[in-house]
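Here the structure is laid out as structure tokens; the discussion comes afterwards.
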Amino acid sequence: MRETYHIEIVGPEDAPVQRASIRTAGLDVARERALRLFRRARVPQRSGPAAEAVRIVDGAGTEVFRWSVWDEGTGPGRGRG
């Protein structure tokens, strides 16, 4: 069954910088997409507020994954979520 996940790139104090929605059968696909968007949001030439974290919220409004700049040394999937 497919579910809608909302991906939010957040800046300082959890202020949303960018939002995207993805409809997929599993959280793993949404997590890969979120991490790809997060890497793109952190490139040095990007303008606007600095991206500090990415989070995925499911259709019920529950945060199911979060990754921040402070988790980068632990490898994807080992941070919160």
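The values are calculated or read from the model by the stated rules, or taken from the named source; none is laboratory data. This is a predicted model, so every value here is computed, not measured. Quick reminder, even Gly has a Cβ in these numbers, built from the backbone with ideal geometry, and neighbours come from all protein chains shown. Heads up: the accessible areas ignore ligands, DNA and RNA and are worked out on the full protein's heavy atoms, side chains in. Shrake-Rupley method; radii C 1.70, N 1.55, O 1.52, S 1.80 Å.
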Worksheet entry | Probe 1.4 Å, accessible area per residue of the chain, Å² | 63 Å²
Worksheet item: Between the helical axis of 27-41 and the dominant principal axis of the chain, each derived from Cα atoms, what acute angle in degrees is found, rounded to the nearest 10?
Response: 20 degrees
Worksheet, complete the sentence: Toy charge model, Lys and Arg Cβ at +1, Asp and Glu Cβ at -1: segment 3-71 dipole around Cα centroid in debye, rounded to 20, equals 380 debye
Worksheet entry | Most to least accessible of T62, T24 (protein chains only, probe 1.4 Å) | T62, T24
Practice prompt. With a 1.4 Å probe and every protein chain kept in, tell me what percent of the accessible surface of the chain is carbon plus sulfur.
Written response: 48 percent
Worksheet, complete the sentence: The ³J(HN,Hα) series, computed from each phi in segment 51-63 with the Karplus coefficients 6.51, -1.76 and 1.60 at θ = phi - 60°, rounded to the nearest Hz and given as x for glycine or proline, is 7, 10, 7, 10, 9, 10, 10, 7, x, 7, x, 9, 5
Worksheet item: Under a Cβ-Cβ cut-off of 9 Å, what is the net charge of the residues other than E3 that fall near it, where Lys and Arg count +1 and Asp and Glu count -1?
Response: +1
Practice prompt. Just need the Rg to Rh number for the chain, please, alpha carbons only, Kirkwood Rh.
Written response: 0.95
